[in-house]
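Worksheet for the structure shown next.
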Amino acid sequence: MASALCRTASRLRPVQMFRRLRASSDLLSPSSPSPARISDHGDFSLPRSMFTLSCGNERLRMDQRRLLSTSDSGTTSKPSSGESEAKSSGENEKSGGSEGSDGGGSDQKSDRASGKHARGAPVSWMSFFLLFATGAGLVYYYDREKKRHIEDINTNSKAVKEGPSAGKAAIGGPFSLIRDDGKRITEKDLMGKWTILYFGFTHCPDICPDELIKLAAAIDKIKEKSGMDVVPVFISVDPERDTVQQVHEYVKEFHPKLIGLTGTPEEIKSVARSYRVYYMKTEEEDSDYLVDHSIVMYLMSPEMNFVKFYGKNHDVDSLTDGVVKEIRQYRK
């Protein structure tokens, strides 16, 4: 605004001076009354005209100084509302531009930094650590769930109680075989005592001897714990080679109370079918062969009714405890 006033004053100076000088020249022009004429009329005198001219010049200088002082005071005074608004808007634009430039610059810097980081290091240590932590967490979670699942299974298996029987298993039945002393007996001759039956053959290399040793040890422990006499019985599934004499010599190697039974192939087949026993020849070289058969012990009640069977997974103690438990429950 001050600059505008200064420019206006500069333009007005020549005009004012021109007017002042013109007015002064008019006083001195021929059209104006001459000094003599003026003095003749008594209106003006030449000194007065010169004084007027000098006063006009002096007034022109005073007006110029006043105009300059006014423009200077306007320049130093506070800006007007329009000027302040223009200045504030300019400052806002400048600040906004600086902020935008700063924001844009920071964004560009961050983008450049991120791009440089992504291009420079595809897999950072932090990402590797997070991947490792995630993998370890998953392994720990699945391991814990597996242990919990196993514990639940064990708990549920222990909590399961035997319910009422819906019927008797179709295991057992009448049979007629030859005892190792040469006497023919039936299932009725075994009634009155608890009996454990095992099917095998005398030429068995390992399984049968191991099972008969386990059975013999369990018989003695059952007697100690329950005071009951349990009769162990061995039934041959190899009637072609297991004669009465062969069976007699074989069973006496394990326990004095062990009874050996054999018979014809038809009789063995019948009793095996009654007790759900599988057997079959596997190899045959001349007279030497093996017999594949079920490895199961059958606990029979004093009425020769099936009570429970025990597989190869039972050791002496578990077999003893299982038989004693069944005997005590039977007494109740």
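The values are calculated or read from the model by the stated rules, or taken from the named source; none is laboratory data. A quick note: this is a predicted structure, and the numbers were derived from the prediction, not measured. Don't worry about glycine lacking a Cβ; one is built from the backbone with ideal geometry, like all the others, and counts go over all protein chains shown. What goes into the accessible areas is simple: the full protein's heavy atoms, side chains included, and nothing from ligands, DNA or RNA. Shrake-Rupley method; radii C 1.70, N 1.55, O 1.52, S 1.80 Å.
Here is how the numbers come out for the structure above:
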{"item": "Cβ-based net charge around V237, under 12 Å, with every Lys or Arg adding one and every Asp or Glu removing one", "result": "-1"}
{"item": "Region 177-328, relative contact order [Cα under 8 Å, separation at least 6], %", "result": "31 percent"}
{"item": "Gained length - A170 relative to R276, 0.36 nm times residue gap less alpha-carbon distance", "result": "37.3 nm"}
{"item": "For region 170-241: accessible area per residue (Å², 1.4 Å)", "result": "41 Å²"}
{"item": "Vicinal HN-Hα couplings computed from phi for region 289-304 (Karplus, 6.51 cos²θ - 1.76 cosθ + 1.60; Hz; Gly/Pro x)", "result": "8, 10, 10, 7, 8, 5, 10, 9, 10, 10, 8, 10, 6, x, 8, 6"}
{"item": "Region 136-152 - phi-based ³J(HN,Hα) in whole Hz, Karplus 6.51/-1.76/1.60, Gly and Pro as x", "result": "5, x, 5, 4, 5, 5, 5, 5, 5, 5, 5, 5, 5, 5, 5, 5, 5"}
{"item": "Extension reserve of the E253-K188 stretch, reckoned as 0.36 nm per residue once the Cα distance is removed", "result": "20.8 nm"}
{"item": "From the C-alpha gyration tensor of region 177-328, square roots of 5λ in Å", "result": "25, 17, 14"}
{"item": "Carbon/sulfur fraction of accessible area - region 190-277, other protein chains in place, 1.4 Å, %", "result": "53 percent"}
{"item": "Computed E for D292/D210 - FRET, C-beta separation, R0 22 angstrom, nearest 0.05", "result": "0.85"}
{"item": "Segments 144-152, 226-234 sorted - mean Cβ within 10 Å per residue, highest first", "result": "226-234, 144-152"}
